[in-house]
Amino acid sequence: MTQRIGELNPPNRLMLTPGPSSMDPRVYRALATPLVGHLDPWFKGCMDDTQVLLRQIFQTENRLTMPLSASGSGGIEASVVNSLEEGDEAIICVNGLFSDRMAVIASHTAAKVTKVEAPYGKAVDAEDVRRAGKGKKIKIVGLAQGETFSGVLTQIEPFRKVADELGALLVVDTVASLAAVPLHVDRERVDICFSGSQKAISAPPGMSPITVSPRAEESFRNRKTKVQSWYFDLTTAMNYWGKERLYHHTPPVSLIYALREAMRIVVEEGLEARWERHRVNQLALIAGIEAMGLELLVKKPADRLPTVTAVMIPDGIDDAKVRNQLLDEFNIEIAGGLGPLKSKIWRIGLMGHCSQKPYVLLFLAALGKTLLDQGFRLPSGAGVAAAVHSYAHAHSEAAAVSR
Ligand SMILES: Cc1ncc(COP(=O)(O)O)c(C=O)c1O
């Protein structure tokens, strides 16, 4: 009962994980600014700013665009519980644990849920969705643009086409891809799109930005039954994030400050420059990884998600020992595999603030040393050298384009 708890003093990690990512100092400063009430007239302006920035990052004019007071899973929940009710059918594309989560949450509604699956390391084939939906009335087709479980990128366009043929809304999880991978919600006609604050936006965890097309809003209005969740009923939540700014629940004001600042950084950099930065840094990481004699889980380059690179753990190497050494000796955190991929892969995140050349080179040097210490034979310095070469190639390519 008399135990004294010391002052909070977390270690200063470089978080090269599939989220959360490390944050820019500006975001820490925003977090520490004075708290105001969630109905304060000044805060209403801060909410306006947040919505303007979210629309720019999602590339949308959607009225219903806001950050949910929830982690990314809350975005999944809001998407499916608002769009599905008894009598509906959903097709969910599953190629890993996070896309499967959408199917699991959808199965908590009264709708019929069909999973269309792909092996880990691959994207679902839109043709399989077409076959699964043939002759049926499908309410939503759901997918994850970035499957963090295995580092797979899914192209949205073929699924939009199939969803159009089926008369379905298209729901896209961009938790691991927003602000890192090309996305144009309006142009690509994504009906419901959600993300997480803690990944490529590099804000603290705890908010899930979401945007909903007018067509999806209309389908919410035409529901025959109540949304099963009061908290995630988007039509009432919008009373707070809409014109009226009416109390719905008390939002995490400080997290909204931080999200606003992190998004200002995204917009200052420019979306296209940011997408390119993520691409170039992943290419350098991959060049380094392969030069060390390691293999990737995702074989097809076009299927690789720029924010998460899944590396096969070589035979005889202990997953936990490597990750612990990286943490203890270099203050670098990477992630292991989940479920069936546990102890089989490492997941290296280069997201938002963490997708930087100095971090890629530091990580490759640290991993090379760690693997040598753990008895893996590799050419000394090969990883860093290959990455440096990859950067030189990317820079000369960019110079040629600008000439
Ligand atoms: C693609 C994807 N969707 C959903 C989630 C769930 O997000 P959260 O853990 O913030 O609830 C994650 C988390 O890693 C994710 O990577």
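The values are calculated or read from the model by the stated rules, or taken from the named source; none is laboratory data. Just so it is clear, the structure is predicted and the values come from calculations on it, not from any experiment. Don't worry about glycine lacking a Cβ; one is built from the backbone with ideal geometry, like all the others, and counts go over all protein chains shown. Ligands, DNA and RNA are excluded from the accessible area calculation, which covers all protein heavy atoms including side chains. Shrake-Rupley method; radii C 1.70, N 1.55, O 1.52, S 1.80 Å.
Structure above, values below:
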{"quantity": "Sole residue being modelled with pLDDT of 95 or more, hydrophobic (A, V, I, L, M, F, W, C) and in contact with a Cys (Cβ under 6 Å, 6 or more places away or on another chain), chosen from V171, V124, V152, V94", "calculated": "V124"}
{"quantity": "Residue check, L294 aliphatic (A, V, I, L, M), over 17 Å from F58 (Cα atoms) and part of a loop (DSSP other than H, G, I, E, B)", "calculated": "yes"}
{"quantity": "Count - residues of region 76-93 that are surrounded by fewer than 22 Cβ atoms within 10 Å (Cβ to Cβ) and among the β-branched types (V, I, T)", "calculated": "1"}
{"quantity": "Check on I91, part of a strand (DSSP E or B) and away from the ligand (no atom under 15 Å from the Cβ)", "calculated": "yes"}
{"quantity": "Residues that are open to solvent by 10 Å² or more (accessible area, probe 1.4 Å) and over 17 Å from I156 (Cα atoms), drawn from region 94-110", "calculated": "L97, D100, R101, V104, I105, S107, H108, T109, A110"}
{"quantity": "Test: V388 is over 22 Å from S22 (Cα atoms), in a helix (DSSP H, G or I) and either under 19 Å from the mean Cα position of the chain (by Cα) or modelled with pLDDT of 95 or more (or both)", "calculated": "yes"}
{"quantity": "Every residue from region 181-196 that is touching a strand residue (DSSP E or B) at 6+ places or on another chain (Cβ under 8 Å) and either within 18 Å of R279 (Cβ to Cβ) or of a type outside the set (S, T, N, Q) (or both)", "calculated": "V181, L183, V185, R189, V190, D191, I192, C193, F194, G196"}
{"quantity": "Looking only at region 198-215, and only at residues there that are within 12 Å of the ligand (Cβ to nearest atom) and out of contact with any Leu (no Cβ under 7 Å at 6 or more places or on another chain), the one that is most open to solvent (accessible area, probe 1.4 Å)", "calculated": "P205"}
